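Q: I'd like to ask you about the structure that follows.
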Amino acid sequence: MRILYALNIYRPYIDGVGVSIERQAAGLGARGHQVAIIAPALSFADGQEARGDIKVFRVRAVKVLAEQWRVPVLPDRSVMRVLDGFDPDVVVVSVPFLLNRTAWQAARQSGRPLVGITGVMPEWFHYNAGLLKPLASALGPGLWRIITDYYNHCDCVVGVTGTALRLLEARGLARPSRVISNGVPLDRFRPRPRDEALARRLGLPDKPTVIYAGRLDAEKRMSVWIRGIPEVLEEVDAQFVVGGEGTERAELEELARRLGVAEHVTFPGFLPGEDYERLFSLGSVFAIASPSELQSIVTLEAAASGLPIVAADAGALPELVRPGANGYLFPPGNSSALAQAIVDILRQPELARQMSIESRRIAEAHDIEETYRRYEELYLELVGRRVVA
């Protein structure tokens with residue numbers, strides 16, 4: 001079976017959708033299928049490369065706003081060339097804009113089975129619209145109509161969580177659908193002893209540590225996270241790690257300085273490979289303030305690594321946090337409630353230990369091997385229907 005995935009953002013600039021699609025492609029490639037990704041190029045030229053067994057077709061693009069946001073230029077012909085050359089049995093799309101939408105249209109025109117995976121909420125536009133926030137908020141219902149219409153023209157829709165699927169169903173999704181978690185590699189993300197070598201390299205003291213890792217962009221609401229630090233420090237001598245990169249990193253570093261907590265906050269930037277996986281071994285708690293997650297791969301990774309979770313009570317995060325069992329939920333935007341939840345865990349080692357066990361247990365229900373199996377089953381089902389027809 002040949003599977004083509006479309007991405008609006010791909011390496012070296014990676015987001016949660018890109019991580020989940022790349023892992024799925026690698027997993028199905030390991031099962032003997034031919035897999036390829038079509039993504040924006042880093043220059044104004046089409047190209048082709050390989051990442052292991054994954055073929056990557058690049059479509060010429062230009063940079064907008066920030067380096068990671070690259071817009072394809074007149075991509076229709078390039079996309080059709082990829083479809084004609086790779087000849088996929090099934091096309092998989094996610095976010096309904098830019099290159100994904102072109103691949104979506106090409107798959108429909110060519111009669112190929114088309115699967116849509118949930119990957120965006122209009123709230124993303126609200127938080128990233130800057131001075132246009134009032135306009136973005138007003139456009140929210142219209143954006144939901146665009147998103148729902150897009151998925152209503154797919155042969156099957158996959159919600160990465162029940163929450164993600166219910167959001168679409170409430171707005172008129174009428175296509176066959178199912179829930180399949182993004183999954184987490186349980187062998188790579190697991191409870192580990194503290195990695196002292198990594199701690200020394202990052203300059204982290206041996207004290208209770210609160211971790212976040214991921215994009216540092218507006219919709220992640222990391223200013224809420226940083227503003228909670230002074231209240232935690234009033235109760236517990238702790239360290240805070242903000243892993244990742246994004247458009248707001250400099251502002252967050254400046255906020256930490258203004259609040260007088262900069263010496264307690266480490267910004268290690270993007271950590272590759274095993275360094276990233278081992279980062280969780282340095283944490284006592286994982287905290288996330290984002291109110292617009294359709295699952296949150298990084299929260300799954302933290303749970304699989306055995307960390308108690310403190311998360312905003314919004315989006316799909318409540319599916320990964322059972323209050324009092326493996327962590328706490330707090331009202332979105334409430335830094336004080338976030339801080340109190342962190343303190344509650346850090347001051348009770350036995351509670352933290354029990355929460356660690358429960359986090360791992362919850363993550364085990366999201367074994368990525370099961371994710372591969374279920375996607376393979378879905379794609380083969382759709383391809384089989386096409387052959388019969």
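Every number here is computed from the coordinates shown, using simple stated rules; none is lab data. As the structure is a computational prediction, the values presented were derived from the model and not from experiment. Reconstructed Cβ throughout: ideal geometry from the backbone, glycine too, with neighbour counts over all protein chains shown.
Q: In nm, to one decimal, how far is the Ser336 label point from the Ala262 one, both placed 7 Å along Cα→Cβ?
A: Here the answer is 2.8 nm between the modelled labels.
Q: Additional query: Please work out the Cα center distance from region 190-229 to region 16-46, rounded to the nearest Å.
A: Computed from Cα coordinates, the inter-centre distance equals 28 Å.
Q: From the phi of every residue in region 326-331, what ³J(HN,Hα) in whole Hz does the Karplus formula 6.51 cos²θ - 1.76 cosθ + 1.60 yield, where θ is phi - 60° and glycine or proline is x?
A: Coupling constants for region 326-331: 10, x, 9, 9, 9, x Hz.
Q: While we're on this one: Just subtract the alpha-carbon distance of Arg194 and Glu169 from 0.36 nm times their residue separation and send over the number in nm, one decimal.
A: Taking 0.36 nm per residue and subtracting the Cα distance, the gain is 4.7 nm.
Q: A follow-up question, please. If one takes the longest principal axis of the Cα atoms in the chain, at what angle in degrees, from 0 to 90 and to the nearest 10, does the Cα axis of helix 98-110 lie?
A: 30
Q: Now for a different question. Taking θ = phi - 60°, what integer Hz values does the Karplus form 6.51 cos²θ - 1.76 cosθ + 1.60 yield along region 348-355, in sequence order, with x for Gly and Pro?
A: Using θ = phi - 60°, the values come out as 10, x, 5, 4, 4, 5, 5, 5 Hz.
Q: Also, I was wondering about something else. So if I place +1 on the C-beta of Lys and Arg and -1 on the C-beta of Asp and Glu, and nothing else carries charge, what would the dipole magnitude of region 1-103 be about its Cα centre? I want it in debye, nearest 20.
A: It comes to approximately 120 debye.
Q: Which is farthest toward the positive dipole end of region 196-364 among Ala311, Thr299, Ala352, measuring Cα position about the Cα centre, with Cβ charges +1 (Lys, Arg) and -1 (Asp, Glu)?
A: Ala352
Q: Would you mind checking which residues have amide H under 5 Å from Arg51's amide H? H placed 1.01 Å from N; only 5 or more apart, or other chain.
A: Residues meeting the criterion, in which the H sits 1.01 Å from N, are Val56.
Q: Let me have the relative contact order for region 196-364, percent, based on Cα pairs under 8 Å that are six or more residues apart.
A: Computed value for region 196-364: 24 percent relative contact order.
Q: Right, here's the next one. Can you give the extra length, in nm with one decimal, that the chain gains between Asp187 and Glu377 once fully stretched, where that is 0.36 nm per residue apart less the Cα-Cα distance?
A: 66.1 nm
Q: Rounded to the nearest 10 degrees, what's the angle between the helix 76-86 long axis and the longest principal axis of the chain, both from Cα atoms, 0 to 90?
A: 80
Q: So, one more: Report, by chain and number, residues whose modeled amide H sits under 5 Å from the one on Val90, excluding near sequence neighbours (fewer than 5 apart, same chain).
A: Here Arg2, Leu4 satisfy the definition.
Q: Using each residue's phi in region 241-257, evaluate 6.51 cos²θ - 1.76 cosθ + 1.60 at θ = phi - 60° and report the 3J(HN,Hα) Karplus result to the nearest Hz, with x for Gly and Pro.
A: Ordered by residue, 3J(HN,Hα) equals 10, 10, x, x, 10, x, 5, 9, 4, 4, 5, 5, 5, 5, 4, 4, 5 Hz.
Q: Another question, then. Relative to the Cα centre, what is the charge dipole magnitude of region 196-364, using +1 at the beta carbon of each Lys and Arg, -1 at the beta carbon of each Asp and Glu, and rounding to the nearest 20 debye?
A: It works out to roughly 100 debye.
Q: Let me have the 222 nm mean residue ellipticity of the chain computed from DSSP H runs of 4+ only, each contributing -39500 (n - 2.57), with the sum over all residues rounded to the nearest 500.
A: Theoretical 222 nm ellipticity from helices: -12500 deg cm²/dmol.
Q: Provide the net charge surrounding Leu98, with neighbours chosen by a C-beta distance below 14 Å and charges set as Lys +1, Arg +1, Asp -1, Glu -1.
A: Every neighbour counted, the sum reads +3.
Q: Also: Which angle from 0 to 90°, rounded to the nearest 10, does the C-alpha axis of helix 368-388 make with the longest principal axis of the chain?
A: 10
Q: Name the residues whose placed amide hydrogens come within less than 5 Å of the amide hydrogen of Gly327, ignoring near sequence neighbours (fewer than 5 apart) on the same chain.
A: Ile309, Arg322
Q: Over the chain, what is the relative contact order in percent, taking alpha-carbon pairs closer than 8 angstrom and at least six residues apart?
A: Result for the chain is 14 percent.
Q: Roughly how big is the chain's charge dipole about its Cα centre, with Cβ charges of +1 (Lys, Arg) and -1 (Asp, Glu), in debye to the nearest 20?
A: That gives a dipole near 960 debye.
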